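So the structure is just underneath, and the comments pick up after that.
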Amino acid sequence: MAVLNGFATSFAVAKIGVDSSYDLNSTSCPCFRSRCGRFKSLVYTHSLSPRCEVVVEKESSGAQSSVSALELLETSDRYTKKSSSVMVIGLSIHSTPVEVREKVSIPESEWPQAIRELCSLNHIEEAAVLSTCNRIEIYVVALSQNRGVKEVTEWMSKYSGVSVTELRQHRFLLYNKDATQHLFEVAAGLDSLVLGEGQILAQVKQVVKNGQGVPGFGRKISELFKHAITAGKRVRTDTNISSGSVSVSSAAVELALLKHLPDQDSSMPPRVLIVGAGKMGKLVIRHLVAKGYKKMVVVNRTEDRVTAIREELSTDGSIIIEYKPFSEMLSCAAQADVIFTCTSSKDPLFVKESVQAALPSEDGGRTRLFVDISVPRNVESSVSELEGACVYNVDNLKEVVEANKEDRLRKKIEAESIIAEEVKQFEALKDSLETVPTIKKLRAYAERIRVAEVEKCLSKMGDVDLSENNKKAIYDVSLGIVNKLLHGPMQHLKCDATENRTLSDILGNMHALNRIFSLDKEMEDKLHAKIEQNQKQSSRGQSVSAKFS
């Protein structure tokens, strides 16, 4: 075993940037991602003095050799990535209870501000937020995977008040191609609780709409979401996966039909109350009408939206949609059998004490069904403790989803095949564009040298009175030399149908040129620029605070 000496180790660890965010005994530590992968865990000789033991396999001669600190630095994950990483850090209905999701959820009106805050983090270049009742997902382009995940997770904790430890228990992390595939599946409705649900595609479109003009919603993230919309549309067109009960709102109506107690008089349709007339509320009303319900009460902040829904769905007046203000919500609930809640309120609208006070003392054993499809929830879970009250939320829709499972799985297989094609197409396009920055940087690098050398040449010629034609000749010669020297490398960075180069060959050439001419230093420059900018903003903020304190 060869052990790095103390000075080299300290230098390597300091430069790589190991800090308390890393689990020093796991593969997330940058020392583990070496070229050969033969490092032992970081061990401690003192609580504040980590050292890295490096084990090198014996060569054929049996000799042992050590790995230099510089090699550790070069193979670390900090700034030597070939390009930025696309990542998604998320919480979904599949892994995270609604009690956590509702705390982390970000209202659509706050998405632009969230993007700005995320992109102010040291290692985040671009960002997008997708927050629905079933998921909260943050997509970023990061200069470093490990630090990007750490910074975004800490931001989510600060925003929501949920501890980093709890977020880590529930979050999922996906990178690059896997992140792309996940978003495409989300847009297609394949990752939804209700397979093929249509509303999620509209929500993905809203991400692009809200991101327009927001600093930080950059080209990479924008193209990713636009292609996801294309993939989602194609899946729905080619597989008919959206047929049937395929939205949260329609599943909520199905759940209400399944759960309404059979001992009630079937000749009398249940009295229905919908709280909220936004997008989800309108869909609930539409599905109720489709199921034959022609009378319902809608509580909303304003009457105009309820009137518009009534005029759209009841052109002949056969459907009665009665408006009530929020001040009458509890009295309306006392008269209803089924209550759907679908508002964007951050605080519960129905709490145990208020519901108990609103219900008649002698209710004849009636059962009220609360179907809460809002995140954050509109109905406190403790309401279910009241006699005659049943509360269901979005996590309880699985029973409805199980219906027609075989048909849904068949459509899902077809959809997954389409997604695979779309991901392959997008990744090929993305990879082909990876060489563009290298081409620009290489030409700019050569141009800087050319200009400097021409100026040096002219200054050495001193007082020689050169005509404009002679100066132009010197300029043309220098330009011709540079162009001829760059022709070969440039050709090997481009896809040419006449050549036999594969995409992997082109990317290999790009990485080689980046190393040879130190063109990939841009990643580190970007990071230093962001840190300096954040430090200046912090200093200005402290100065203002001191001034007014």
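The values are calculated or read from the model by the stated rules, or taken from the named source; none is laboratory data. Not measured: the values here are computed from a predicted model. Positions of Cβ are backbone-derived with ideal geometry, glycine not excepted, and every protein chain shown enters the neighbour counts. All accessible areas refer to the heavy atoms of the entire protein, side chains included, with ligands and DNA or RNA removed. Shrake-Rupley method; radii C 1.70, N 1.55, O 1.52, S 1.80 Å.
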Output for segment 215-254, where each listed residue is touching a strand residue (DSSP E or B) at 6+ places or on another chain (Cβ under 9 Å) and over 16 Å from residue 191 (Cβ atoms) = 216, 217, 218, 219, 220, 221, 222, 249, 252, 253
inquiry  = If a residue must be modelled with pLDDT of 90 or more and not aliphatic (A, V, I, L, M), how many such residues does segment 287-304 contain?
reply    = 6
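Against the condition open to solvent by 60 Å² or more (accessible area, probe 1.4 Å) and modelled with pLDDT under 80, how does residue 436 come out, does it pass?
Details: open to solvent by 60 Å² or more (accessible area, probe 1.4 Å): no; modelled with pLDDT under 80: yes.
No: the conditions fail for residue 436.
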ask   = Which residues, counting only those in segment 176-191, are touching a residue at least 40 places away in the same chain (Cβ under 8 Å) and either polar (S, T, N, Q) or surrounded by fewer than 16 Cβ atoms within 10 Å (Cβ to Cβ) (or both)?
value = 176, 177, 180, 181
